[in-house]
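As structure tokens, the structure follows; a few thoughts come after it.
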């Protein structure tokens, strides 16, 4: 079964399950497990869950880059067209990337007079 069909079937069974007696819930749960193939406890949790919006809180470490650094990285990313190059030979790109990034940083910092705060200048990468 696809996720969409599982969701539809769950919605169809949920109201019956929640309004049933304890004995009726057991029968409905047995039927649900047989059709969906979930474990019993997972099925119970799924049938009790009302459509709740997913949390938008991001997990993991927070970003530590300043807006200037993010802007510079985005500019370099777009200038070197890494996204398009990923589809091509990655070996050729890996051998060439250090030289391309050095050239791009020099062009960005000298021609456009763009020096983001927090980015140290060096002669090579």
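The values are calculated or read from the model by the stated rules, or taken from the named source; none is laboratory data. Because the structure is a prediction, the values reported are computed rather than measured. Counting neighbours? That spans all protein chains shown, and the Cβs are built from the backbone with ideal geometry, glycine included.
Count of the stretch 87-108 residues, restricted to those that are modelled with pLDDT of 65 or more and not in a helix (DSSP H, G or I), is 0. Filtered by the rule that a residue be at pLDDT 80 or above and either closer than 17 Å to residue 103 by Cβ or surrounded by fewer than 10 Cβ atoms within 10 Å (Cβ to Cβ) (or both), the stretch 55-75 gives 60, 61, 64, 72, 73, 75.
Among the residues of the stretch 1-26, the one identified as part of a loop (DSSP other than H, G, I, E, B) and within 15 Å of residue 48 (Cβ to Cβ) is 20.
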